[in-house]
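Q: Below you will find the structure I want to go over with you.
The values are calculated or read from the model by the stated rules, or taken from the named source; none is laboratory data. Fair warning: this is a prediction, and the values are worked out from it, not measured in the lab. So basically every Cβ, Gly included, is an ideal-geometry build from the backbone, and we count neighbours across all protein chains shown. These accessible areas exclude ligands, DNA and RNA; they are computed on the full protein's heavy atoms, side chains included. Shrake-Rupley method; radii C 1.70, N 1.55, O 1.52, S 1.80 Å.
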Amino acid sequence: MDIHQLRVFREAARTGSFTRSSERLRLSQSTVSLHIKSLEEELGVPLFLRAKRRVMLTEAGQRLLPFVDRIFQELKNAD
């Protein structure tokens with residue numbers, strides 16, 4: 001798990017879309033998908049339910065999001 005994966009996860013959770021996340025993060029959509037897939041494989045659980053043109057957090061994704069938000073808040077506080 002790395003900070004890039006967490007940043008992509010957080011943006012996808014906020015936007016509900018891998019495509020919009022890729023635009024906002026200035027990454028290709030395939031890169032966003034790879035980051036999410038890698039994070040899911042590492043954690044051993046799906047983080048998103050994928051539907052046409054939309055993604056929604058699974059229960060595991062909902063549990064992870066507050067921790068990710070806290071990580072980014074702590075990084076911001078460290079500056």
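Q: Of the conditions (1) assigned to a helix (DSSP H, G or I); (2) buried (at least 18 other Cβ atoms within 10 Å of the Cβ); (3) out of contact with any strand residue (DSSP E or B) (no Cβ under 9 Å at 6 or more places or on another chain), H4 satisfies every one except a single condition; which number is it?
A: All conditions are met except number (2).
Q: Restricting to the range 56-76, name every residue that is open to solvent by less than 90 Å² (accessible area, probe 1.4 Å) and modelled with pLDDT under 95.
A: L75
Q: Between a first residue in the range 31-50 that is under 16 Å from R10 (Cβ atoms) and a second residue that is assigned to a strand (DSSP E or B) and modelled with pLDDT of 95 or more, which pairs have beta carbons less than 7 Å apart while being 6 or more apart in sequence or on different chains?
A: Every condition considered, the pairs that remain are I36/F48; L47/L57; F48/V55; F48/M56; F48/L57.
Q: Can I ask one more? Among the numbered criteria (1) part of a loop (DSSP other than H, G, I, E, B); (2) surrounded by 16 or more Cβ atoms within 10 Å (Cβ to Cβ), which single criterion is violated by V45?
A: All conditions are met except number (2).
Q: When you go through R26, R53 one by one, which is the residue that is on the phi > 0 side of the Ramachandran plot and at pLDDT below 95?
A: Result: R53 is the single residue among R26, R53 that is on the phi > 0 side of the Ramachandran plot and at pLDDT below 95.
Q: Does the range 6-16 contain any residue that is in contact with a helix residue (DSSP H, G or I) (Cβ under 6 Å, 6 or more places away or on another chain) and more than 15 Å from I71 (Cβ to Cβ)?
A: Yes: one or more hits.
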